[in-house]
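The values are calculated or read from the model by the stated rules, or taken from the named source; none is laboratory data. Remember, it's a predicted structure, so these values are computed and weren't measured experimentally. Glycine gets a Cβ as well: all are built from the backbone with ideal geometry, and neighbour counts include every protein chain shown. To get the accessible areas, we keep the full protein, side chains included, count just its heavy atoms, and leave off ligands, DNA and RNA. Shrake-Rupley method; radii C 1.70, N 1.55, O 1.52, S 1.80 Å.
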Amino acid sequence: MTSTLETQLAPPPGAVREVKIAIIGSGFAGIGMAVALRERGEQDFVLLERAADVGGTWRDNTYPGAACDVQSNLYSFSFAPNPEWPRSYSGQPEIQAYLRGVADRFDVRRHCVFGADVLDARWDDAARRWQVRTTAGTFRAQVLVSAAGALADPTYPDIPGLDGFEGTVMHSARWDHDHDLTGEAVAVIGTGASAIQVVPAIQPVVGSLAVYQRTPAWVVPRTDRPVPRWRQRLYRAVPGLQKAIRGLLYLVREFLVLGMAKNRLFLRPVGKLARAHLHRQVRDPKLRKGLTPDYTIGCKRILISNDYFPAVAAPNAELVTAGIAEVRARSIVDRDGIERPTGTIVLATGFHVTDLPIAEKICGRDGRSLAQVWDDGMVTNRGSTVAGFPNLFLLVGPNVGVGHTSMVYMIESQVAYVDSALQAMAAEGLETLETTPAAQQAYRELIARKSKGTVWLAGGCASWYLDRHGHNTTLWPDFTFRFRRLTRTLDRENYVGAPARTSEVAA
Ligand code: N01
């Protein structure tokens, strides 16, 4: 729904709206950036949001069982603690409600243009402005911040016959809640973080469930508990306590980096925990074997669940490891030639992460898109800026991802960096700011050096953490406090700027 205020933000048909800063997306990153701007009095910005509400991936992923696998006390903004979290790991509805609440509390919505899907964004070097065409009109912005996220656009697998399937097909990130799965023959394709939440949520209601697994995941127990009322009251009365618990959770999770990025011996206890979990929950040796990964734990995202294995082991469920040969009008045939009647196919097949669709839409000084410039690998300075793309800032850009801890920590680090850049522009009276190719190359080498020997490269698995050249372009390969240190303030020496020709500068 679009309010009168939001309607005013969109330019009238044919007109172009001038704005100082345009932010693409209103998920955690977009909202975090907007709050930082508002907190220091900046009002001249818009959030271009293709949907009708804030929330990003937490608005879109409404599949049954959708929840966060990082504790809410950590997976939330440091500036907006929530004493009311109902569970230690909250579900999608609670996280979405939290994000909407933060947007309201910090008055972010007045900057949102809903229904504004970015068609393209081009740097006009003569005007020193970004020309951003959206489905809600065209904007001209001095600064463009892409907070479009890496889990925004679902991947649809290229499986023979899928197009001709006559039943229902839905991606986990685009759940059709009008479709009742009760008693149906359902196939779930994929066994990643989304699938292991969907499977136990739907298994009790479906008639039969076939889980098509290409690669098994390492799964560890989930220590999820309801948060009692007395503790919520205590958090309200003593905010420092919740902050201390947040700090503790952060530290414990950071220990995983030791094993993932420094020395894999530290991962052994985690591997043992995962094996014991599987042994405890799955008695059938054949099924257990099918669910046992052959790569080092941590190479793919470590999943947490107490009900995934029991759901796969349930009498109405079946794990299919043979691979899919083809999809027919009403069935799926596996590579062993077994045909299973199927009414609904759930694609839990992930997102475009290493081939971000937004990268095709943002074109820099020489007219080439980020996707073209990144053809042989995504390169940036600090995951945030790209040479040849003045006044463009990326949030949740390349090598900013984390699998072991809260993405919100990384987002807040990057927001501080971008804000520091904007303040430097204002202080120096610069109209443009652009990182140098040398800084970008140095950062690429730093990432390559840090990634060498990590479990993601040497753990013996294929994952979307790596691009098609086998380079880690997704994850930050070190302790996250090191990323924060690197992004605390702008590394001004790695940037060139042009002074303002007019009085208009980012303030
Ligand atoms: O996607 P994925 P996801 N035929 O890409 C399989 C976040 N998240 O939506 O491993 C058959 O991880 C693929 O198989 P393989 C989190 O960051 C967070 O589950 O490539 N199978 C894999 O099993 C997560 O990492 C939470 O061999 C095919 C699966 O599909 C990210 O979202 C909760 C296939 C895709 O797994 C993505 O997770 C949920 C094909 N053609 C998600 N193509 C939190 O709690 C792909 N697969 C915070």
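Highest mean first, the peptides 268-275, 228-235 sorted by other C-beta atoms within 10 Å per residue fall in the order 268-275, 228-235.
Counting only heavy atoms of the protein chains and using a 1.4 Å probe, LEU278 has close to 10 Å² of accessible surface. Taking GLU412, GLU339 and ordering them by how much accessible surface each has at a 1.4 Å probe, largest first, produces GLU339, GLU412. Counting only Cβ charges, +1 for Lys and Arg and -1 for Asp and Glu, the dipole size of the stretch 1-117 around its Cα centre is about 100 debye.
Here the stretch 301-417 is treated with +1 on each Lys and Arg Cβ and -1 on each Asp and Glu Cβ, and its dipole about the Cα centre works out to around 240 debye.
Report the full-extension gain for the segment ASP158 to SER420: residue separation times 0.36 nm, less the Cα-Cα distance, to one decimal in nm.
90.0 nm
Only one residue of ILE411, ALA498, VAL455 has its Cα farthest out toward the positive end of the dipole of the stretch 367-507, where Lys and Arg carry +1 and Asp and Glu -1 on Cβ, and that residue is VAL455. Which shape class applies to the stretch 39-117: rounded if a/c is under 1.5, otherwise prolate when a/b exceeds b/c and oblate if not, where a ≥ b ≥ c are the square roots of the Cα gyration tensor eigenvalues? Oblate shape, in that a/c is at least 1.5 and b/c is the bigger or equal ratio. Each peptide in 320-331, 205-216, 238-249 receives the mean, over its residues, of other Cβ atoms within 10 Å, and ordering these scores from highest gives 205-216, 320-331, 238-249. Maximal additional length on extending the ARG328-ASP120 stretch stands at 71.1 nm, based on 0.36 nm per residue less the C-alpha distance. For the peptides 390-397, 124-131, 12-19, the ranking by packing is 390-397, 124-131, 12-19, with the highest mean count of neighbouring Cβ atoms within 10 Å listed first.
With a simple spin-label model that places each label point 7 Å from the Cα along the Cα-to-Cβ direction, the separation between ARG87 and ASP355 comes to 3.5 nm.
Placing dummy labels 7 Å off each Cα toward the beta-carbon, the span from ASP178 to ALA448 is 5.2 nm. Ligands, DNA and RNA left out, the 1.4 Å accessible surface of the stretch 411-492 is 56% carbon and sulfur atoms. The 3J(HN,Hα) values that the Karplus relation (6.51, -1.76, 1.60; θ = phi - 60°) gives for the stretch 375-388 are, in residue order, 3, 9, x, 7, 10, 8, 9, 6, x, 10, 9, 9, 4, x Hz. Gly and Pro appear as x. A simple charge model with +1 on the Cβ of Lys and Arg, -1 on the Cβ of Asp and Glu and nothing else charged puts the dipole of the chain at about 2080 debye relative to its Cα centre. Note on GLU18 and LEU265: the extension gain reaches 83.4 nm, defined as 0.36 nm multiplied by sequence separation minus the Cα-Cα distance. Measuring from centroid to centroid over Cα atoms, what is the spacing of the stretch 120-148 and the stretch 241-314 in Å? For the stretch 120-148 versus the stretch 241-314, the Cα centre distance is 43 Å. Applying a length cut-off of 24 Å (Cα extent along the axis) and a mean Kyte-Doolittle floor of 0.5 to the DSSP H helices of the chain leaves 239-257, 407-428.
If the cut-off is a Cα-Cα distance under 24 Å, which lysines reach LYS20, setting aside same-chain residues fewer than 8 apart in sequence? Correct list for LYS20: LYS361. Remark on ILE362: its backbone amide H falls under 5 Å from those of ALA121, LEU370, ALA371, a criterion applied only to residues 5 or more positions apart or on other chains, H modelled at 1.01 Å from N. Between the alpha-carbon centres of the stretch 427-503 and the stretch 79-100 there is a gap of 30 Å.
Take the residue pairs LYS262/LYS450; LYS262/LYS452; LYS262/LYS289; LYS272/LYS300 and return only those whose Cα atoms are more than 18 Å apart. Mind dumping the intermediate values first?
Working: LYS262/LYS450 9 Å; LYS262/LYS452 10 Å; LYS262/LYS289 29 Å; LYS272/LYS300 16 Å.
Listed pairs above 18 Å: LYS262/LYS289.
The residues of the stretch 219-351 expose on average 55 square angstrom of accessible surface per residue, using a 1.4 Å probe on protein heavy atoms. Annotation: for a label point projected 7 angstrom from Cα along Cα→Cβ of LYS286, residues of the stretch 212-226 with backbone N closer than 18 Å are 212-213. A helix-only calculation puts the chain at -8500 deg cm²/dmol for mean residue ellipticity at 222 nm, using -39500 (n - 2.57) for each DSSP H run of at least four residues, averaged over all residues.
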